Each structure stands twice: as structure tokens, then as C-alpha cells.
Amino acid sequence: MLELRGVHVASTTILDESPVSRLTRAVEVIIRQRDALHEQTSEPIERGSAVHALCSTTLGEAFSWGRASWQDTATHLQQGLEVEVVFMDAYECASWGFALRFLATFTQAPRIFISIVDVNVLGLTRWDHNDSWGRSGFTVTTVVFDRCGEDNLGLWLGSTGAGLSEFGMIIRRKVKEIGSLSIALPYGPDRAWRVLTSGLQNYSLLKNGYDKWGHCFGGDPWIAIAEDLSALHNPGEQRYLSCSLALRGYYSLLEVKTSKGIAVIFQSY
């Protein structure tokens, strides 16, 4: 299992004219997030002892269309801690789980940073709203995990063809298997939330933050966990199931534990 050491949520208003400028601003936010989490968790990180994945539903087009350079972005992100950096967008909102599996399998780094970056770099109107997820909320959310020395990551990945209703059943079966814990779900309008949670009413669900945040793609469950931890003030050990579902049916479920001293930061840029 992974220990969640910190969550940094940044709400962003990036209005620079060019896609490159917008992406550069987003990367600078990520670096500030990572530095803040590193400072607050007070753990020395030597070169090669941490890895960092950039996950996004919206950024891939900027790279594939040649409007921005992934190599330049990766070089920028490697500043400071000089961490290895990978990018994943194929699994949309669920990309963070697949990135975790990749990094846990192919690296030995004891610390893993995941940044879920959904900024409308190209200014495409189709990212602003969708009938399935409703109003989009553009945030940059960075989470940091430490490995606990166990082989089992507590990570479950897959795909479903039946959308929210089947995803809810998958979550229910998993919670029955692993025991009681708080469930962090994707944010969405009331109609979508009702479908997703129809079979989860007897479980501990974190709040649907859609009215406040909009749908923040893969960042939703981590924002929910951060808000829950903030409300607890000085939380002891907590257990959460973080859940994300992609429009194309991919899903990620991750069981995480937290301990006293977790870093939770909210900022606007």
C-alpha cells in the first residue's frame, strides 16, 4: 500500500495568449507545488530517489499537434529535485492510476509525485463543458506518495463498458473486499452523482464538490480527500479509496492511508 504524504490543489486562471505560455505557467505551478510538498513533508530526497508523472485529459493534443514540446516540458519539470518525469494521457481521468502502476513497476524510487494537470492550453470550447461530466473545473493537483515496503500497492485498474452504474458496482465490490474506508468519487452534476452512488448509499462517501469545483477530471478524488483532511484539522491515520473513471471506460481505484502530519495545501494562481 502507498502512504499519501501530501496533496496540493491549485485553482488556476491561465489567460496567456499562446499555448506555450499557458503550459509554461502550468509547469511553474507544478514545480511550486512539488517544492512546497517536499518542504512540508521534511524528507530528504536524493537524486534518483523520486519520480514524477504528469497526467492529463486535456494536454495531449498540445503535444501531438506540435503546439508545445513534451521534451521542453520534461526538462523544465526536472529542475530542482532532478526527478525522472513521465507523461500519461491515454487513460484520460484514470491516467494517474496507470502512471502509478508504471512507476511502481519500472522504478525503485521510494517517493512518487503525481500531478494531474487539466488546463485548457489550446483554449478549446469542448473542454469547457460536456453532457456527461457537466461543467469543467480546471485545476492542477499534485499528490505525493511514499512506498510502505509492501508489494501490494492497493491499486486496481480496468475498464467498464456500462459507465457510471457499473463503476459504482465495481467500487462496492472492492469496498466489501477490503473493508470500511472513506470513498472519494469523481465530481459531477446531480444526475450523474445519483447514478454513480445508487448502490453506495450505505458506505462512507466524501462530498460531491461539483458545485464548488466543477468536474476536475482525474483531480476530483484527490481534491475530495484534501478537503476531508482539512476538515479533520489534526487527522490521525485515515484510509481512503480514490476512484476515477474515464469517458472511454478506464478506471483507477487506489487504497491509500494517511498519517499525522500529512501536508494539505490549497492555493490559487
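The values are calculated or read from the model by the stated rules, or taken from the named source; none is laboratory data. The shown structure was predicted, so the numbers you read here are calculated from the model rather than taken from an experiment. Every residue, glycine among them, receives a Cβ derived from its backbone with ideal geometry; neighbour counts consider all protein chains shown.
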- Query: Under 9 Å by Cβ, and 6 or more places apart or on different chains, what pairs join a residue from the range 1-13 that is farther than 13 Å from Ala224 by Cα and among the charged types (D, E, K, R) with one that is modelled with pLDDT under 95 and part of a loop (DSSP other than H, G, I, E, B)?
  - Reply: Glu3/Cys148; Glu3/Ser259; Glu3/Ile262; Arg5/Glu43; Arg5/Ser259; Arg5/Gly261; Arg5/Ile262
- Task: Return the residue satisfying two criteria in turn: it lies in the range 159-186 and is of a type outside the set (A, V, I, L, M) and either under 17 Å from the mean Cα position of the chain (by Cα) or on the phi > 0 side of the Ramachandran plot (or both), and of such residues it is surrounded by the most Cβ atoms within 10 Å (Cβ to Cβ).
- Result: Pro186
- For the subset of the range 103-118 comprising residues that are out of contact with any Lys or Arg (no Cβ under 6 Å at 6 or more places or on another chain) and within 11 Å of Arg147 (Cα to Cα), which member is surrounded by the fewest Cβ atoms within 10 Å (Cβ to Cβ)? Gln108
- Item | Top-ranked residue of the range 231-248 - restricted to ones that are small (Gly, Ala, Ser) and within 17 Å of the chain's Cα centre (by Cα), ranked as farthest from Thr41 (Cα to Cα) | Ala246
- Item | Residue check for Phe138: touching a residue at least 60 places away in the same chain (Cβ under 8 Å), in contact with a Ser or Thr (Cβ under 7 Å, 6 or more places away or on another chain), under 29 Å from Val29 (Cβ atoms) and crowded, with 21+ Cβ neighbours inside 10 Å | yes
- Note on the structure: Of the listed residues (Arg126, Arg173, Arg147), the one being farther than 29 Å from Val264 by Cβ, basic (Lys, Arg) and modelled with pLDDT under 95 is Arg126
- Message: Regarding the range 133-149, can at least one residue be identified that is in contact with an Asp or Glu (Cβ under 7 Å, 6 or more places away or on another chain) and hydroxyl-bearing (Ser, Thr, Tyr)?
- Response: yes
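Please note which strands (runs of 3 or more DSSP E) are completely contained in the range 168-266 and include at least 1 residues that are β-branched (Val, Ile, Thr).
In the range 168-266, 182-184, 250-258 are the strands (runs of 3 or more DSSP E) which contain 1 or more residues that are β-branched (Val, Ile, Thr).
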- Gln78 vs (1) at pLDDT below 90; (2) within 20 Å of Leu153 (Cβ to Cβ): all pass except (2)
- Which of the residues spanning the range 109-139 are among the β-branched types (Val, Ile, Thr) and more than 16 Å from Pro19 (Cα to Cα)? Ile112, Ile114, Ile116, Thr139
- For the range 164-213, what are the residues that are polar (S, T, N, Q) and farther than 26 Å from Pro235 by Cβ? Ser165, Ser198
- Query: Yes or no: Ala109 among the hydrophobic types (A, V, I, L, M, F, W, C) and either under 26 Å from Gly214 (Cβ atoms) or at pLDDT below 90 (or both)?
  - Reply: yes
- Query: For the range 213-269, what are the residues that are among the charged types (D, E, K, R) and either under 19 Å from Ile114 (Cβ atoms) or in contact with a helix residue (DSSP H, G or I) (Cβ under 9 Å, 6 or more places away or on another chain) (or both)?
  - Reply: Asp220, Glu227, Asp228, Arg239, Arg248, Glu255, Lys257
- Output the residues belonging to the range 141-158 that are surrounded by 13 or more Cβ atoms within 10 Å (Cβ to Cβ) and of a type outside the set (Gly, Ala, Ser). Thr141, Thr142, Val143, Val144, Phe145, Asp146, Arg147, Cys148, Leu153, Leu155, Trp156, Leu157
